[in-house]
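So the structure is just underneath, and the comments pick up after that.
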Amino acid sequence: MGGSSPCASCKLLRRRCAKDCIFAPYFPSDDPHKFAIVHRVFGASNVSKMLQELPVQQRADAVNSLVYEANARVRDPVYGCVGAISYLENQVSQLQMQLAVAQTEMLCIRMQQESALPMPMPTQMQQDDKSFLAATNNLDNISQYLNFASSSSSSNVIQDPSALKRESLWT
Amino acid sequence: MNPGRCAACRYLRRRCPPDCIFSPYFPPNNPQRFASIHRIYGASNVAKLLQQLPSHLRTQAADSLYLEAQYRIEDPVYGCVGLISLLQQQIHDVERQLAMTQAEIAFRARHPQAVESNLLNNVGNPSFSNQASSWFM
């Protein structure tokens, strides 16, 4: 050990903290709660196996995500992180509906304002006639927007795990 | 060998007692469900967690543990936290778009003449759309 204090994991597990202790870089002795909560939810041997299977440069992020999940599970023993995912998916759904409604309103305002314009100069007549007709035909687009807004529903929490994107919460 | 053992007791190679904590939630026809949970959480942690919950909540707990275990197996670095991060980013993006759209609506409602005169002066001008969007930044 060379005189240095054992890491939080080895303190909790009451064992000698080896020089190459897999936990030591990520569970310093000044934060005992961090390992305690991970050990409570996942167990020390499972965490050790998970870390050993990862390249060194990914272990810090893995530990942080395990701590996050463990905290979520302790706060909500029934749903854990899945409760947070469900809540966030609902929020995304609601915001997308609000955005669709706002964009529809925007389209209506634009059409009103563009249809109130005086007739364009003769040289530009053909081009602007086409735009005017396109704007008028946008009434169909409005109903499509409204259909989208009313039909969008919150997605199922049971997502395909292979669609996960790697994002870091702590960079 | 007891043919009626639950998936957990089969996996753990033990007798499945009548009051087995796992058996209502890990039927023998889905061995992979318990295998995933065992790989991430371990049998004793799952047993403790389920025992601490009232029985009417244990099914949901087992389901959520299985889902999180699947995410962790699929993504050993971030697990389901990767999805949480993605959703938070999506919320941020949609909120920003919504704020911009609402600001444009408010501007157009208050300044229809300004929008109209700009349209008259700038139809066909490719830089107009940049100018219009800069009003709302």
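Just to be sure, is B:Glu74 at the interface with another protein chain (Cβ under 7 Å from one of its Cβ atoms), charged (D, E, K, R) and surrounded by 18 or more Cβ atoms within 10 Å (Cβ to Cβ)? First the steps, then the outcome.
Numbers: at the interface with another protein chain (Cβ under 7 Å from one of its Cβ atoms): yes; charged (D, E, K, R): yes; surrounded by 18 or more Cβ atoms within 10 Å (Cβ to Cβ): no.
So B:Glu74 does not fit the description; no.
Consider only pairs whose beta carbons are under 8 Å apart and that are at least six residues apart or on different chains; among these, list those whose first residue lies in the stretch B:1-30 and is over 22 Å from B:His56 (Cβ atoms) and whose second residue is exposed (fewer than 13 other Cβ atoms within 10 Å of the Cβ) and charged (D, E, K, R).
Note: pairs meeting the criteria are B:Asn2/B:Arg15; B:Arg5/B:Arg15; B:Cys9/B:Arg15.
Go through (1) within 14 Å of chain A (Cβ to nearest Cβ); (2) out of contact with any Phe, Trp or Tyr (no Cβ under 6 Å at 6 or more places or on another chain); (3) over 19 Å from A:Lys49 (Cβ atoms); (4) not in a loop (DSSP other than H, G, I, E, B) one by one and return the number of the condition B:Glu68 breaks.
(3)
What helices (runs of 4 or more DSSP H), lying completely within the stretch A:1-98, carry at least 3 residues that are crowded, with 21+ Cβ neighbours inside 10 Å and within 14 Å of chain B (Cβ to nearest Cβ)? Break it down stepwise before answering.
On the way: elements: A:8-13, A:32-41, A:44-52, A:56-75.
Passing ranges, in order: A:32-41, A:56-75.
The numbers here are math on the coordinates, done by the rules we state, and not lab data. In this text the structure is predicted, and so the values were computed from the model without any measurement. Backbone-built Cβ (ideal geometry, glycine too); neighbour counts: all protein chains shown.
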